[in-house]
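Heads up, the thing below is written out as structure tokens.
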Amino acid sequence: MIKSLLSVLGIALFPGICLAQKIDNTTVGSFSLNRFLGTWYEIARFDHRFERGMQHTTARYFLNEDGSIKVINSGILDNEIKTSVGKAKTTGTAGLLRVSFFGPFYSDYRVLEITDDYQNVLIGGKTSKHLWILSRQPKPDAVSIEMLLKKAEIRGYDVSKLIWVEQ
């Protein structure tokens, strides 16, 4: 009886496992942290609870004396400016940072694609749940954004899920 129940559960759960979105979240081959530092405007993102409803969102990165990175995210929610301060650290992999906004808990922050001039970037996480398009300008050029969208699709992301942020 127990074996039968486990078999049924296994069959019932298997399709969900098979349907998990496969993505390529490999980071860029080379990455200059110094060129990446500064202010970025959030152009588009996947929905997630810690930014839900926010507009006019920016992310700012500053190098600390100890080599860590100070991260300041801000945006407008219900006509109020919301700001969160976190920290990031580099890893041995180019374009892979570990970011924390909650104590000792760090998450992957993967630079998936970046334009040669470091003006537009595609950021992902460890899973397919997180994706951002950031730009140095609040109104980036359409050609660069279209290129990042195509590259995200090639990597397996469902870009139809992107929320376009008002800047």
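The values are calculated or read from the model by the stated rules, or taken from the named source; none is laboratory data. Just so we're clear, the structure is a prediction, and the values are computed from it rather than from any experiment. Note: ideal-geometry Cβ built from the backbone for every residue, glycine included; neighbour counts use all protein chains shown.
The table that follows gives values for the structure above.
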| read-out | value |
| --- | --- |
| Residue that is modelled with the highest pLDDT [pool: residues in region 11-21 that are farther than 14 Å from Leu131 by Cα and in a loop (DSSP other than H, G, I, E, B)] | Ala20 |
| Count - residues of region 68-86 that are exposed (fewer than 15 other Cβ atoms within 10 Å of the Cβ) and among the basic types (Lys, Arg) | 1 |
| Any chance Ile133 is without any contact (Cβ under 8 Å) to a residue 24 or more places away in the chain and crowded, with 18+ Cβ neighbours inside 10 Å | no |
| Some residue of region 93-112 being of a type in the set (Val, Ile, Thr), crowded, with 17+ Cβ neighbours inside 10 Å, closer than 24 Å to Glu146 by Cα and in contact (Cβ under 8 Å) with a residue 12 or more places away in the chain | yes |
| Condition check for Pro104: more than 15 Å from the chain's Cα centre (by Cα) and at pLDDT below 95 | yes |
| Single match in Ile123, Ile145 (criterion: out of contact with any helix residue (DSSP H, G or I) (no Cβ under 6 Å at 6 or more places or on another chain), over 19 Å from Ser30 (Cα atoms) and modelled with pLDDT of 95 or more) | Ile145 |
| Selection from region 41-55 of residues that are part of a loop (DSSP other than H, G, I, E, B) and either in contact with a Pro (Cβ under 7 Å, 6 or more places away or on another chain) or closer than 20 Å to Asp78 by Cβ (or both) | Asp47, His48, Arg49, Phe50, Glu51, Arg52, Gly53, Met54 |
| Count of region 58-67 residues which are surrounded by 15 or more Cβ atoms within 10 Å (Cβ to Cβ) and either among the polar types (S, T, N, Q) or part of a loop (DSSP other than H, G, I, E, B) (or both) | 1 |
